[in-house]
Amino acid sequence: MKEITIWKWLIAIIVILALFLYVPVYIAGPDCLETVFQAYGFTPLYHIWNGLIPEYQIPWIANEWITSFLSGILGIFIVFAIMYGLGKLIVRKK
Amino acid sequence: MHIPDGVLDLWMLISFWIIVIIAWATAIVKSRKTLNEEEPKLPLLAIMTAMIFVLQMLNFPIIGGMSGHLVGFVLVAILLSPAQALLSISTVLIIQALIFEDGGLVALSANVFNMAIVPLFGYLVYYGIRKIKDDNKGLYIGTFAGAYISIIFAALICGIELGVSSLFHYPIEVTVPAMLIWYIFIALGEAAITSAIVLYLQRSRPDLIPKTAELKLWW
């Protein structure tokens, strides 16, 4: 298998994120599960955890594109690092 | 399809936690051999996980002003294996719940079950089609059908969970159609995006797509 150039792929993913957040694909309405909840007048009965960046919106940044983009980049690197780290851990434990 | 907390009964979530922990442990133990033999694929697993995170963040519009997003299990399973897809999608769901409040924290077990275990049925469809039809057509049909069916199954199970939960006061006869009516369209989006990525990789990096003889059923 040819080598996988990590940085090239990560940059490609970030470009995809930037483009799709910029083009109005992202404007789409509520997701279907939320719509089903709304249709039947249901509200979740309890809430136990507030995320650090709820709904991908960094509280002190007003611009929706910038806040979503920064959340996306943060998420990309966290998810990549955890998956890579876990993989290395699994591989090492022979 | 991210279920928040306060929707499903606690007994359901505990049951899902038991299933999910067993599935995670099995996937980690069994993936060890595969990842040891194919260590160059580890960056691909991490990159695919990052890609799935982004694709789950980007909603595509469907009819009625609603939106859906990719789940991505079948895509990762096609390129790597179902066990690695379970670990990949689970990682995305954990980060989404912990940092971005996308899906509940207690309900994480249900979300992992729905989006990282149930879609295995879709992958089995892909696997079966490729075993029957060992050519490019088999790859394309298998990818489209597998991705489509994975979402239909996930929505079906999610609908059943809502109907069974005493917190959501509507029966299965209501909740299952309410979910499926929208997810038959979202599943088309999943199938189209998965097919487009597989088609692109097949043209640009065919070495990343396992040949029929190398297909992994579980790990």
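The values are calculated or read from the model by the stated rules, or taken from the named source; none is laboratory data. Owing to the predicted nature of the structure, the values given are computational and were not obtained by experimental measurement. Every residue, glycine as well, gets a Cβ built from its backbone with ideal geometry; the counts of neighbours run over all protein chains shown.
Just one of B:SER67, B:SER31 is of a type in the set (S, T, N, Q), facing another protein chain (nearest Cβ under 7 Å) and touching a Gly at 6+ places or on another chain (Cβ under 7 Å); which is it?
One residue alone meets the criteria, B:SER67.
Restricting attention to the range B:129-163, which residues are within 30 Å of A:THR43 (Cα to Cα), of a type in the set (A, V, I, L, M) and touching an Asp or Glu at 6+ places or on another chain (Cβ under 8 Å)?
B:ILE151
Specify the residue that is surrounded by the most Cβ atoms within 10 Å (Cβ to Cβ); the eligible residues are those in the range A:12-27 that are at pLDDT below 80 and within 16 Å of the chain's Cα centre (by Cα).
Ranking the qualifying residues of the range A:12-27, first place goes to A:LEU21.
Answer yes or no: is there a residue in the range B:34-46 that is more than 9 Å from every other protein chain (Cβ to nearest Cβ), surrounded by fewer than 21 Cβ atoms within 10 Å (Cβ to Cβ) and basic (Lys, Arg).
Scanning the range B:34-46 turns up no residue that is more than 9 Å from every other protein chain (Cβ to nearest Cβ), surrounded by fewer than 21 Cβ atoms within 10 Å (Cβ to Cβ) and basic (Lys, Arg).
Can you tell me which residues in the range B:134-175 are in contact (Cβ under 8 Å) with a residue 60 or more places away in the chain, in a loop (DSSP other than H, G, I, E, B) and away from chain A (no Cβ under 11 Å)?
In the first step, residues of the range B:134-175 are kept if they are in contact (Cβ under 8 Å) with a residue 60 or more places away in the chain; the result is B:134, B:136, B:138-139, B:143, B:146-147, B:150-151, B:154-155, B:158, B:161-162, B:164-168.
Okay, now just the ones that are also in a loop (DSSP other than H, G, I, E, B), so B:134, B:165-168.
Scanning the range B:134-175 gives a single hit, B:ASP134.
Restricting to the range B:84-96, name every residue that is within 9 Å of chain A (Cβ to nearest Cβ) and either touching a residue at least 24 places away in the same chain (Cβ under 8 Å) or not in a helix (DSSP H, G or I) (or both).
B:GLN84, B:LEU87, B:SER88, B:THR91, B:VAL92, B:ILE95, B:GLN96
Looking at the range B:71-83, is at least one residue in contact with a helix residue (DSSP H, G or I) (Cβ under 6 Å, 6 or more places away or on another chain) and at the interface with chain A (Cβ under 9 Å from one of its Cβ atoms)?
No, because not a single residue in the range B:71-83 is in contact with a helix residue (DSSP H, G or I) (Cβ under 6 Å, 6 or more places away or on another chain) and at the interface with chain A (Cβ under 9 Å from one of its Cβ atoms).
Just a yes or no: is a residue in the range B:178-189 assigned to a helix (DSSP H, G or I), in contact with a Ser or Thr (Cβ under 9 Å, 6 or more places away or on another chain), more than 9 Å from chain A (Cβ to nearest Cβ) and of a type in the set (A, V, I, L, M, F, W, C)?
Within the range B:178-189 (the criterion being assigned to a helix (DSSP H, G or I), in contact with a Ser or Thr (Cβ under 9 Å, 6 or more places away or on another chain), more than 9 Å from chain A (Cβ to nearest Cβ) and of a type in the set (A, V, I, L, M, F, W, C)), the answer is yes, since at least one residue qualifies.
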